[in-house]
Amino acid sequence: MNAKTTAAKIALVTIGAAVAVTGLAGTASADVTEGSYTAKKFLLGPTVYPLFTAEANVVGDQLIIGGLTATITPTETGGTAVVAGQEITLTEVPSVGGYVINTRSGVTLGQLDAR
């Protein structure tokens, strides 16, 4: 592959990424309700007693948890975010007034309960 072809491919990828970011800019996380939450971390799925808890907040399309901030991308059932390099999904559970936190592969990490 020559340098011109490589440069053209890099330019196309860069333009595509810029278009994608521009398209997502300003997208509200309508499916993750703004507010204050208590984040609960479980060892092996939800139990009565979590390993630890932390304050969490959703402001606009930002999830702030344990001093880390992540951008929420809305989904039909809640949203996704990348926190400390880990992609998580937030799935709304209306009966608890919050969200279950899962890894991309479906492992339950904890939950966000509305405060």
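Give just the number: which of (1) among the hydrophobic types (A, V, I, L, M, F, W, C); (2) at pLDDT 60 or above; (3) open to solvent by 60 Å² or more (accessible area, probe 1.4 Å) does V58 not satisfy?
(3)
Looking at segment 104-115, which of its residues are touching a residue at least 40 places away in the same chain (Cβ under 8 Å) and hydroxyl-bearing (S, T, Y)?
T108
A11 - would you say it is modelled with pLDDT under 50 and open to solvent by less than 60 Å² (accessible area, probe 1.4 Å)?
Numbers: modelled with pLDDT under 50: yes; open to solvent by less than 60 Å² (accessible area, probe 1.4 Å): yes.
For A11, the condition - modelled with pLDDT under 50 and open to solvent by less than 60 Å² (accessible area, probe 1.4 Å) - is met.
Kindly indicate whether A81 is modelled with pLDDT under 90 and either in contact with a His (Cβ under 7 Å, 6 or more places away or on another chain) or outside any loop (DSSP other than H, G, I, E, B) (or both).
no
How many of the residues making up segment 81-103 are under 11 Å from the mean Cα position of the chain (by Cα) and free of Cβ contacts under 8 Å to residues at least 24 places away in the same chain?
The total comes to 12.
The values are calculated or read from the model by the stated rules, or taken from the named source; none is laboratory data. Here the structure is a predicted model, which is why all the values come from computation and not from measurement. Using ideal geometry, Cβ is built from the backbone for each residue, glycine included, and neighbour counts are taken over all protein chains shown. Note: accessible area is taken over every heavy atom of the protein model, side chains too, but ligands, DNA and RNA are not part of it. Shrake-Rupley method; radii C 1.70, N 1.55, O 1.52, S 1.80 Å.
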